[in-house]
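The values are calculated or read from the model by the stated rules, or taken from the named source; none is laboratory data. These numbers were taken from a predicted model, which means no experiment stands behind them. Glycine also receives a Cβ, built like all others from the backbone with ideal geometry; neighbour counts cover every protein chain displayed.
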Amino acid sequence: MTLTDTIEKVRAETNSSFSTRVPGLQLAWDSTSYDALDRCPRYYQYSIIEGHGLDGEENPHLKFGTIFHSATELYAHERAEGQDHETALLSSVRHALEQTWDFKLSRPWASTEPAKNRKTLLRSIVWYLDKFQDDPLETLILDNGSPAVELSFRFDTGFTTSDGEPILLCGHIDKVVKWNTEIWITDKKTTKMDLDDNYFKQFTPNSQVSIYSIAGIITLSEQIDGLIIDGAQILATGSKFRRRPIPRSQDSLEEWLRDFQIKITEAEAYAKQQYWPMNRKSCGFGRLQCQFRPVCSAEPAMRSEILNSAYPKRLWDPLIPR
Amino acid sequence: MANENLTGALRGSLQLIESQDSGNPTDPAETSPLREAVPDSLDELFAKVNEAFGQGLPSAVTDETLYALVLRYRAEALKWEQDEQIKRDKPKTPRVNKKSIAEALELDI
């Protein structure tokens, strides 16, 4: 292995969101890593610090959602550049066909999820873009002329570790829109679930909604009223779309920040002790059980072997823009 | 207008990073000089697409083929909406309250 290869290997295995002074102390947080810590410190250790079990490439739900996002983003860019609906739609369709082709194996994407496959993805893209071609949610145009879509953000929260290292919040905003006179951030969600009241209830309280609302206020210097969840229900025979605003008041955002500061203090304590305890009330059972239950159920001496053999690794670094 | 109380708790060093366009522009689709016969069914259209991709020629998929795909999906959307409307219009069977009926008939259920 050459020196360059070694440097690249170390870079690939190093998570830039973590402190170089205190191993396991995360400095740059996003909603995924924060939710993991909130759920259970041990779950956080396995999934974020060690990177087990987050293999997005093999997850059909993540692949479906990622391409749905990128296809609709491409459409938004083309419309902002003056293209008509049909032209922009064809570009999105072509993009999605390319993204769902395995050029190495020379075959189409073989999804393991019956309702989320190449055909239903294309269907969802066409139906969604046709439905919202005259979207009442007007995409904001940034000062540089680009549409405010797929924006990665990071900002200093003003909190620090006990050693003075700054704590950042990061994320990736789908779109910023103007709805009547108000500014909202939209976030697309693809799901098999019914887009009913129960579905939308999960977004309050919800850290992702709070983080994005704060980010919108800080990065755009605009009064952000909250998030609009742009839901797409994907069924084997059709796709349904429904949107709902999820407001956030200043008080609720201040409360979230206060909770965040305390949680980060806990994260630092775990890192300094190099021990992340289990939250045994989060293990669950049946279909809702934690994916690491087989690990935590085993004897401590066996856990490392189980993790390395059964849970593929993927680096989760909030500082890497999507 | 910025939220003063909220931003007061946060330091200013922020960075808004506009991501790279995640679209993957490819070679522009070459329009066939001959107007090809476009198959009707979704499966046939995907077979046509897959054939071109399989030969390593994604740009050989013409806009006509893509548009035929879009039209097929639009036809599906119309059918879906009709079926959904039929479901919505279908009169709901009134729920039978067995206990009330039993009481009316003085049956012991």
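Here is how the numbers come out for the structure above:
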{"item": "Residue within region A:266-276 that is in contact with a Cys (Cβ under 9 Å, 6 or more places away or on another chain) and modelled with pLDDT under 95 present", "result": "no"}
{"item": "Restricting region A:50-107 to residues that are within 12 Å of chain B (Cβ to nearest Cβ) and of a type in the set (Lys, Arg), the residue that is surrounded by the most Cβ atoms within 10 Å (Cβ to Cβ)", "result": "A:94"}
{"item": "Every pair of residues 6+ apart whose Cβ atoms lie under 6 Å, when the first sits in region B:66-90 and is within 8 Å of chain A (Cβ to nearest Cβ) while the second is among the small types (Gly, Ala, Ser)", "result": "B:80/A:238"}
{"item": "Selection count where residues are of a type in the set (Gly, Ala, Ser) and touching a Leu at 6+ places or on another chain (Cβ under 7 Å), scope region A:220-236", "result": "1"}
{"item": "Whichever residue in region A:210-221 is buried (at least 19 other Cβ atoms within 10 Å of the Cβ) and not aliphatic (A, V, I, L, M) and, among such residues, is nearest to the other protein chains (Cβ to nearest Cβ)", "result": "A:219"}
{"item": "Looking only at region A:139-165, and only at residues there that are at pLDDT 90 or above and over 21 Å from the mean Cα position of the chain (by Cα), the one that is nearest to the other protein chains (Cβ to nearest Cβ)", "result": "A:158"}
{"item": "Residue count for region A:230-246, restricted to those that are assigned to a loop (DSSP other than H, G, I, E, B) and closer than 11 Å to residue A:194 by Cα", "result": "1"}
{"item": "Per-region count, region A:122-134, residues loosely packed, with under 15 Cβ neighbours inside 10 Å and either within 24 Å of the chain's Cα centre (by Cα) or free of Cβ contacts under 8 Å to residues at least 40 places away in the same chain (or both)", "result": "1"}
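Yes/no per residue for (1) in contact with a Phe, Trp or Tyr (Cβ under 8 Å, 6 or more places away or on another chain); (2) touching a residue at least 24 places away in the same chain (Cβ under 8 Å); (3) not in a helix (DSSP H, G or I):
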| position | (1), (2), (3) |
| --- | --- |
| A:20 | no, no, yes |
| A:33 | yes, yes, no |
| A:47 | yes, yes, no |
| A:78 | no, no, no |
